[in-house]
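Some notes on the structure that comes next.
The values are calculated or read from the model by the stated rules, or taken from the named source; none is laboratory data. Just so it is clear, the structure is predicted and the values come from calculations on it, not from any experiment. Glycine gets a Cβ as well: all are built from the backbone with ideal geometry, and neighbour counts include every protein chain shown. Calculation scope for accessible area: heavy atoms of the full protein, side chains included, ligands and nucleic acids excluded. Shrake-Rupley method; radii C 1.70, N 1.55, O 1.52, S 1.80 Å.
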Amino acid sequence: GVDQCIQKFLDVARQTECFFLQKRLQLSVQKPEQVIKEDVSELRNELQRKEALIQKHLGKLRHWQQVLEDISVQHKKPAEMPQGPLAYLEQASANIPAPMKQT
């Protein structure tokens, strides 16, 4: 049945893996420099992936720092302006020059 097919597939997969591990062992004995070259290549690729990931996260970090800075600036502006129902009139009257005193 299905269980028997799955078991057979897993057995063949294990045999295939064992075959390639044996070939890898033979290669490491016959040409150890090849294994080292492959390891170095894999490490370089991993470093490049990690560097790209770091750059991506730094970009996101800069973006969110800018967002937080913008929010901070927006919250400071309303504190400087008068608030309340008469705030517009207070602000407008502050821009009107005071009448000159006549003596």
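The distance between label points at residue 60 and residue 24 comes to 3.2 nm (points 7 Å beyond Cα on the Cα→Cβ vector). The modelled label-to-label distance between residue 76 and residue 13, using points 7 Å beyond Cα along the C-beta direction, is 6.0 nm. Size descriptor for region 1-73, Kirkwood hydrodynamic radius: 17.1 Å (Cα pairs only, one decimal).
In region 1-73, the portion of solvent-accessible area held by carbon and sulfur atoms comes to 62 percent [1.4 Å probe, whole percent, DNA, RNA and ligands not counted].
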